[in-house]
1. Can you tell me how many residues in the stretch 269-279 are surrounded by 12 or more Cβ atoms within 10 Å (Cβ to Cβ) and free of Cβ contacts under 8 Å to residues at least 40 places away in the same chain?
2. Across the stretch 175-218, what is the number of residues that are surrounded by fewer than 18 Cβ atoms within 10 Å (Cβ to Cβ) and not in a helix (DSSP H, G or I)?
3. Do the conditions hold for THR109, that is, is it closer than 18 Å to ARG206 by Cβ, in contact (Cβ under 8 Å) with a residue 60 or more places away in the chain, among the β-branched types (Val, Ile, Thr) and in a helix (DSSP H, G or I)?
4. Across the stretch 40-79, which residue is farthest from ARG14 (Cα to Cα) among those that are crowded, with 20+ Cβ neighbours inside 10 Å, modelled with pLDDT under 90 and hydrophobic (A, V, I, L, M, F, W, C)?
5. Somewhere in the stretch 18-29, is a residue more than 28 Å from ILE105 (Cα to Cα), assigned to a helix (DSSP H, G or I), polar (S, T, N, Q) and modelled with pLDDT of 90 or more?
Amino acid sequence: MVTDNIRAAYPKFRQSEQKAAEYMLGHMDDMENMTLAKMADTAGVSQPTVLRMLRRSGYDGFREVKIAVLKDRIRENGIWDDANDQVLGMPFHKGEKIEDIPGRIVVNTIELLNDSLKSISAKALEKTVCAIDRAGRVGIFSVEDSNSVAIDLQTKLMYLGISCEYNCDYYLQSIQAGHMSTGDVAIGISYTGTSINTVDVLKSARNRGATTIAITNFTDTPLAEAADIMILTSDRQFLQGNDIFSRTVHMAVVDMIYVGLMSMDFDKYSGQLSKSGRMISKRRYGADM
């Protein structure tokens, strides 16, 4: 159980981590509805402190421990608690009708996009666009579910004629980051901001002089600490299934960057876009050969 794992690891904690652990142990019933930011703030510690405490307890992150808390409750009660049934980042219960799913997904996506609109800083977006526009080359870094966002960003930047590189393999990402230098831009994409691989390569790129940008949902995380510019998309954390909706918001950020570049220098980028379109036009069925 989560409580047992935290208590077993307690002697290894630093004083601030013990403070976080004591708060969590005393508020297990509230964990399903708790965000990382809220817990850290209420406990009087930083978000990285909470995450370090969880890692020492055997958990990779805040989402994992929330899932574990829910599983513990299920094992104890043998039933779902309707008030906490948020397994997909939205109310969802056994026996849901398939015909209701489209509406549920669309409504939840709209709510999340509206929530993100309140969090995304226009100034941070402008800094991001300016940095990419001036960059010698752009490196994109991500893992797991964020890879689809990284590929979309790479595709859009390449269409605009921007020198851009993305590798899904961590070792290649490490090499890529290690060859970056002043004038380059490194973009790390992570929903939680705690993906070790993404944080490590972003730090590596920064150490070599590159401007670093983080696209993430949470402040005070290792990824945020490694970034010169941060695009914060929300402060909501879902229990499970966050990848379903986090991708939607991060894809929207990619479109914001894309349109922002077009807005910054329309003649330049519209010309590059037309050029890219001509390059692939003959690869479509029905095109003149």
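The values are calculated or read from the model by the stated rules, or taken from the named source; none is laboratory data. Here the structure is a predicted model, which is why all the values come from computation and not from measurement. Cβ: placed from backbone, ideal geometry, glycine included. Neighbour counts: every protein chain shown.
1. Looking only at the stretch 269-279, we keep the residues that are surrounded by 12 or more Cβ atoms within 10 Å (Cβ to Cβ), and these are 269-273, 275-276.
Keeping just the survivors that are free of Cβ contacts under 8 Å to residues at least 40 places away in the same chain gives 270-271.
Total satisfying the criteria: 2.
2. Matching residues across the stretch 175-218 total 6.
3. Taking the combined requirement at face value, the residue does not satisfy it.
4. Per the stated criteria, the residue is LEU70.
5. yes
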